[in-house]
Amino acid sequence: MSTYLLNKFLFTVDRDPELVERYREDPQGTVDWWEAKRANLILNCHGAESSTWLCFDDTERTALSTHDYPKLFELGAHPFLTLTLFIAMFERDHEGLGFQLEYARRLAHNSLPYPDIST
């Protein structure tokens, strides 16, 4: 399990409006594509620098592919990254703060101490 890779996925997808829409419409395909093409690129590096060892485990891949943000939280994904990405994808489907309230409701069963969000 790599919270770094989960957070990297959330961060990079959230910053690209086309990827946000792609992830909303085709989560499995987006996760598969991103893992194959983008997971091992080094953030903030120019050129062809990359690593070769990063990949999601089955639990992470499933949570990402099903938009299961409570599970992502349990796996240690940073809550601000999940919230901002999922707001971008699903706020339009709710009125007012409807999605934020749904997000809070679905995470309400968690109690302190929360999962470690350090990378």
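Each value in this text was obtained by applying a stated rule to the coordinates, not by laboratory testing. If you're wondering where the values come from, they're calculated on a predicted model, not measured in any experiment. Note: ideal-geometry Cβ built from the backbone for every residue, glycine included; neighbour counts use all protein chains shown.
Things worth noting here:
- Loop-resident sites, segment 75-113, for chymotrypsin sites (Phe, Trp or Tyr not before Pro), counting at most 16 other Cβ within 10 Å (DSSP): none
- FRET efficiency, residue 62 to residue 87 (Cβ-Cβ, R0 25 Å, nearest 0.05): 0.70
- Likely footprinting exposure, 24, 61, fewest C-beta neighbours within 10 Å first: 61, 24
- Converting phi to 3J(HN,Hα) with the Karplus coefficients 6.51, -1.76 and 1.60 and the offset θ = phi - 60°, segment 11-26 yields 5, 6, 5, 4, 8, 10, x, 5, 5, 4, 5, 4, 5, 5, 7, 9 Hz in sequence order, with x at every glycine or proline.
- Within segment 3-107, the proportion of C-alpha pairs whose separation exceeds 21 Å stands at 32%.
- Projected label distance in nm at residue 80 and residue 102, using a 7 Å step from Cα toward the beta-carbon: 2.5 nm
- Each residue, residue 36 and residue 111, gets one label point 7 Å from its Cα in the Cβ direction; the gap between the two is 4.5 nm.
- The dipole here belongs to segment 3-107: it is taken about the Cα centre, uses +1 on the Cβ of Lys and Arg and -1 on the Cβ of Asp and Glu, and is about 200 debye.
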